[in-house]
Amino acid sequence: MKEQNNQMSECRNCNSQVMEYASGNEMAAIAIKQIGYDLMGYYPITPSTQIAENLDIMRANGETDMVMVAAEGEHSAAGICYGAAVAGGRVVNATSANGLLYAIEQLPVQSGTRFPMVMNVVCRTVSGPLSIKGDHSDIMYLLNSGWPILFATTVQQVYDFNIIALKLAEQVRLPVVVAYDGFFTSHQKGRCYRFENDEDVRAYIGPKVEEYPFLDFEHPITVGSYMNEPDLINNRYQLHLAMEQVDKVLPEIFKEYEKISGRKYSKAEGYGCQDAEDLLVILGSSYDTATEAIDELRTSGEKVGVATINVLRPFPHKELMELIGNSTNIVVADRQDSYGAGGGNLSLEVRATLQRYGKNVNVKSLVYGLGGKDFFKEDVKEMLEMAKEDGSSDFEYYGITKGSGKEKDYEPLFAPLTREKTRIGATKIDEEGKVVGGNLNQVTAMPGRIAPGHGACPGCGIPVNLNLLLKGIEDPVVFLFQTGCAMIVTTAYPKTSFKVPYVHNLFQNGAATLSGIAEICYRKQQKGEMPPGDIVFVMVSGDGGMDIGMGSAIGTALRGHRLLIFEYDNGGYMNTGYQLSYSTPLGARSSTSHVGKAQYGKTFFHKDMPKLMAATGIPYIATVAESNPVDFIKKAAKAAHYAKTTGTAYIKAISACPLNWNDKPATERKVIEAAVNSCYFPLYEIEQGETVLSYDPEKVGKKIPVIDWLSMMGRTKHLAKEEYKDVVERIQQEIDIRFYELKRRWEKGV
């Protein structure tokens, strides 16, 4: 950074630039805004989400008119981007970790059909077990995708590489990745420079040129034809040639950028490499830490150096060899492992480079820093010492905590909850299918399946809703939680809040996973491998999980597996910092639906998930709220009955999130009650196709205008202003339509 800043200050012909003190995500957003992209398709995932959040602020303030499409999952986000690129738009995306893997099927489609775009990959641990911290286990999955990959070491490079990437993409007609370290480069702020005028950025990139415009109706083309073997291998050869072209033109693009910025880039760079005998090869933000350690070691007379690469694909074999020079001991440190290959992917690439150039040196591969484990100067020094060790293994994990090797019996955290302990007789289903009992005094005797200890925020509705659900289920329970706040606050390793069997899977596949568990359980019971008896399989979803997970849930419902899907609807992607979800109210402020002179919050209506589930024909659907606890408990009992005997059941609860709703924890019960009384969240059930309105606020004289509810929360309080009167009228009209349609179905017995 010091070297780059000096270069810029001495560059007299450079375009005007200003200093920023910003993070990598902030600088990526600035570059994207300055480029003037047409569209961003995205889905929020930590730690890349800040890019979309910052761009949404700019959009709300009228600083960009870029179309921002919040998809219901990363796979769709990639499809949105591909479609926009095919249509001739300039397109950008940002993702991380499992989001990248969810989208990965789409990525070879785009490179194989040669449509340029840019995608920021903010590198993070691939789950499971779930971890949101930074390492390189995601980006290495892209090595064979056909996308050139630039890897930014610093905040400055994130900005510069985003600009360079689009010029490269359009010159070689390939989509390009800009990768950098999650929570290090992405979130840590640093001094850097940006162009003062957006026009300078756009002039460097140049106008978009479409060789074969898709929307030219006078000359229609077909994209993505079916290919047999002789044509496909030619297609792949052309992709190979395109990547070779990247290798040739990238140095020229770097030089052009140096002329306007004063910052010089190359495919690989090193520090202290000129006479280094012992060399560390490392990727990403760790490089800066390593250079500080190299300074200290060279001061004491040691001939050591460090090298990194700025281009992962195409791999810079020649440039790396020039840096390796006459080094005799090399240690390659990877923030990921290519399991079974004896090293991470960077290590394998370095070894291949040495073999290609016939250089026989001592190479040691280390896997370090997984899950965002901190990296210090002392680690650099120890790694370089390890490079010189004779007779040691050439591959090791660095920084692990080794166990004693002795087996130890651990006492269970909780006494097991047997069937007898939960059969308290408080709720029963009679011969007519009606719930008998279920009042609050009776169900207090139900032992808790979830321990009191958890990390939920004060006033969070999740524990309340889960406990009310379980008060109505007297059979043994097996839980599957999709990713979300409920999972994160209850299962921080090595402790758990659950006294029953529990498994986690990602948003997009929870219901399918639980259906597999249920089917094996039933099979084991049939074969006599498990004791007979009813078990209720419960999937818990929230925090937007029924957006990205909707396909899996609907598929499970259509197949009719005997299980219960429970959705706590808190109206947003809360576990990633409150981005809009498809259940967020129209007009609500979130970190991806800001309020400004050009935007009033979320721009489309909340999703009616119970109605979607009803369309699958499952036997039982219900909505519940903590403000009506007896109704909640009875519906839980009925849902469990259907889940045991008939097929899939679905319950949706409105769930408070004081942190992101921006209201007071002590008043959440009243806020929930107002949501019910405004008919925003009506209480009803659909049993065997017949709709029953459980509570009619109009009939008891408690119906209130929806603005009364919206005004109770900071996220929607702005809608009470006169300037948003038309938005409130649209919301009220939509709620009335939904409620009176529901009431009509109830009155007609359908």
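Every number here is computed from the coordinates shown, using simple stated rules; none is lab data. Since this is a predicted model, take the numbers as computed values, not measurements. Reconstructed Cβ throughout: ideal geometry from the backbone, glycine too, with neighbour counts over all protein chains shown.
Fully extending the segment from Ile737 to Asn662, taken as 0.36 nm per residue of separation minus the present Cα-Cα distance, adds 24.2 nm.
Give me the percent relative contact order of the chain, please, defined on Cα pairs under 8 angstrom at least 6 residues apart. Relative CO of the chain lands at 10 percent. Set the bar at 31 Å for Cα to Cα. Now go through Lys670/Lys721; Lys421/Lys524; Lys428/Lys527; Lys33/Lys664 and name every pair that lies beyond it. Those over the limit are Lys33/Lys664.
Checking every one of the chymotrypsin sites (Phe, Trp or Tyr not before Pro) in the stretch 351-395 against DSSP loop status and a limit of 16 other Cβ atoms within 10 Å picks out Tyr357, Phe376. Once the C-beta distance of Arg202 and Thr328 is scaled by a Förster radius of 51 Å, the resulting FRET efficiency is 0.60 to the nearest 0.05. Label reach from Val249 (point 7 Å along Cα→C-beta): in the stretch 164-185, amide nitrogens under 18 Å belong to 164-178. For the stretch 268-397, the square roots of the Cα gyration tensor eigenvalues, ordered a ≥ b ≥ c, give a/c below 1.5, which places it in the rounded category. Rounded to 0.05, the FRET efficiency of the Glu296 and Gln355 pair, given R0 = 56 Å and the Cβ-Cβ distance, is 0.95. Helical content of the chain, expressed as a calculated mean residue ellipticity at 222 nm, amounts to -11500 deg cm²/dmol (DSSP H runs of 4 or more residues, -39,500 (n - 2.57) each, divided by residue number, nearest 500).
Between Thr444 and Lys388, what FRET efficiency follows from the Cβ-Cβ distance if R0 is 51 Å, with the result rounded to 0.05? Once the sixth-power term is evaluated, E becomes 0.15. Between the amide H of Gly596 and those of Gly601, distances stay under 5 Å, these residues lying 5 or more places away or on another chain, with hydrogens modeled in the peptide plane. Short-range pairs are left out: with C-alpha atoms under 8 Å and at least six residues apart, the relative contact order of the stretch 326-418 is 30 percent. For the stretch 57-73, 3J(HN,Hα) computed residue by residue from phi via the Karplus equation (6.51, -1.76, 1.60; θ = phi - 60°) reads 4, 4, 5, 4, 8, x, 7, 8, 10, 4, 6, 10, 10, 7, 6, 8, x Hz, glycine and proline entered as x. The 3J(HN,Hα) values that the Karplus relation (6.51, -1.76, 1.60; θ = phi - 60°) gives for the stretch 664-680 are, in residue order, 9, x, 5, 9, 4, 4, 5, 5, 5, 4, 5, 4, 6, 5, 7, 6, 4 Hz. Gly and Pro appear as x. The dipole here belongs to the stretch 160-285: it is taken about the Cα centre, uses +1 on the Cβ of Lys and Arg and -1 on the Cβ of Asp and Glu, and is about 360 debye.
The value of relative contact order for the stretch 686-750, using C-alpha pairs under 8 Å at least six residues apart, is 45 percent. Annotation for the stretch 409-493: trypsin sites (Lys or Arg not before Pro) lying in DSSP loop with at most 13 further Cβ atoms inside 10 Å of their Cβ are Arg423, Lys434.
Relative protection proxy for 79-86, 250-257, 606-613, 91-98, from highest mean packing down: 91-98, 79-86, 606-613, 250-257 (other beta-carbon atoms within 10 angstrom).
With a simple spin-label model that places each label point 7 Å from the Cα along the Cα-to-Cβ direction, the separation between Asp374 and Lys703 comes to 6.0 nm. If only the Cβ of Lys and Arg carry +1 and only the Cβ of Asp and Glu carry -1, the dipole of the stretch 83-189 around its Cα centre is close to 180 debye.
Could you list the residues of the stretch 646-682 with an amide nitrogen less than 15 Å from a label point located 7 Å from the Cα of Lys611 in the Cα-to-C-beta direction? Residues 679-682 fall inside that zone.
Among 146-152, 436-442, sorting by the average number of other beta carbon atoms lying within 10 angstrom of each residue, highest first, gives 146-152, 436-442. Ranked by the mean number of other Cβ atoms within 10 Å of their residues, highest first, the peptides 171-184, 726-739 come out as 171-184, 726-739.
For the residue pairs Lys499/Lys638; Lys644/Lys748; Lys434/Lys471; Lys373/Lys499; Lys208/Lys264, alpha carbon separations beyond 19 Å are given by Lys499/Lys638; Lys644/Lys748; Lys373/Lys499; Lys208/Lys264. Placing +1 on each Lys and Arg Cβ and -1 on each Asp and Glu Cβ, with no other charges, gives the chain a dipole about its Cα centre of roughly 1920 debye. Nearest 10 degrees, 0 to 90: what angle lies between the long axis of helix 377-387 and the longest principal axis of the chain (Cα atoms)? Taking Cα atoms only, the helix is inclined about 60 degrees.
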